[in-house]
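J.: Take this structure, written in structure tokens, and hold onto it; I'll ask about it next.
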Amino acid sequence: IPNSQLFSIMFCFRERTDEDAILMLLTARSNDQRQQIKAAYKKAYGKDLVSALKSELGGLFESLIVALMTPPISYDASQLHKALKGAGTDDDVLIEIMSSRTSEQMKDIIKVYKKEFTSKLEKDICGDTSGHYQKLLVILLQGSREEGVDEAKIEKDAKDLYAAGEGKFGTDEEKFITILGNRSAEHLRKVFDAYKKLSGSEIEDSIEGETTGNLENLLLAVVKCARSVPDFFAEGLYKSMRRAGTDDNTLMRIMVSRSEVDMLDIRASFKKMYGASLYSTIQVGHIENKYKRQIPYLPPSENKCQQRGGKMAAKPLLLAFHSKYN
């Protein structure tokens, strides 16, 4: 890490903390680069950079900076722990993370969760959930989805799903859980097409008609992610800004966790689905309602990705959380 970057960090800790400078310095770099800055800061000054930042900041801006300084898998693990161990279970967070992460990511999350919180994630999930909802969460946690497409199973899976829901009195939730929890996304997309030809309706219609509550929400999230993960998160962002009062935690969590994964695709999905850019929606829906005068920063082109060191730099879109305007 160049000394100039460490100097820039120290320069921010003046008599009046320069929050703008902190934000722009950190968001212009990838998470890997931020971890290098954190390590170099501790080596040079004998202090933990995150602790130093927290002592100078507050509110949503502090939460944003801490999130940006946290490795992605650790961030997911911390969000799950907070969802399970906070005041009541935050099922929205559980559903979002468990339905959208890859098998490899889930395995890494399990390891980090146990290391950082000295508890098993599966045990904590089982302690806070129940029934078919719990069973599907545990299946997703295993990260054991099949790979590729099994042509021999497509028609059978579609028929089994129909027979488990619309084709019978009552619902066989176990069949929905087994198929949606274990098949690959590519395979499921073909099953959904076969299901529509068979029943004349979308699989989502069956889920909404046959299930309720958290199980319904989790099944729908799994289906949406199988169809398109960027579309799933574009919808999540839109809803976070269209509720009565902006859902800051969801907005922040998605923007931070997807910034170096598929944010460009999410922005494209958002424009396709809602007819407006994510940038303009944050300006109108987020800033005018709660954070007036906070104009989020985006690179000049919405279609270009800033590259640093061969890796996508995090997008400083979350300037909307700047605490000085709260």
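None of the figures in this text is laboratory data; all of them are computed from the coordinates on show. Here the structure is a predicted model, which means the values were calculated and not measured. Ideal geometry is used to build each Cβ from the backbone, glycine not excepted, and the neighbour counts take in all protein chains shown.
J.: Calculated FRET efficiency, Ala185 and Glu155, Cβ-Cβ r, R0 22 Å, to nearest 0.05?
T.: Values: r = 18 Å, r/R0 = 0.83.
It comes to 0.75.
J.: Rounded to the nearest 0.05, what FRET efficiency do Lys47 and Lys85 have when you use their Cβ-Cβ distance and R0 = 45 Å? Please report the intermediate quantities before stating the final value.
T.: Details: r = 28 Å, r/R0 = 0.62.
Using R0 = 45 Å, I get an efficiency of 0.95.
J.: Something else: Please report, to one decimal in angstroms, the Kirkwood hydrodynamic radius of segment 151-204 built from all distinct Cα-Cα pairs.
T.: Numbers: mean 1/r = 0.0915 Å⁻¹.
Averaging 1/r across every pair of different Cα atoms and inverting gives 10.9 Å.
J.: Using the beta-carbon distance between Glu147 and Glu122 and R0 = 25 Å, what value does 1/(1 + (r/R0)^6) give for FRET efficiency, to the nearest 0.05? Show your work: numbers first, answer last.
T.: Numbers: r = 23 Å, r/R0 = 0.91.
Result of the calculation: an efficiency of 0.65.
J.: Points 7 angstrom from Cα along the Cβ direction at Lys168 and Gln36: gap in nanometres?
T.: It works out to 5.7 nm between the two label points.
J.: Taking 0.36 nm per residue of sequence separation and subtracting the Cα-Cα distance, how much length would be gained by fully extending the chain between Lys272 and Met24, in nm to one decimal? Mind showing how you got there, number by number?
T.: Working: separation 248, 0.36 × 248 = 89.28 nm, distance 2.88 nm.
Contour length minus the Cα-Cα distance gives 86.4 nm.
J.: For the pairs Lys196/Lys224; Lys114/Lys135; Lys196/Lys239, flag any whose C-alpha to C-alpha distance is greater than 18 Å. Working shown, then result.
T.: Values: Lys196/Lys224 15 Å; Lys114/Lys135 20 Å; Lys196/Lys239 27 Å.
With Cα atoms farther than 18 Å apart: Lys114/Lys135; Lys196/Lys239.
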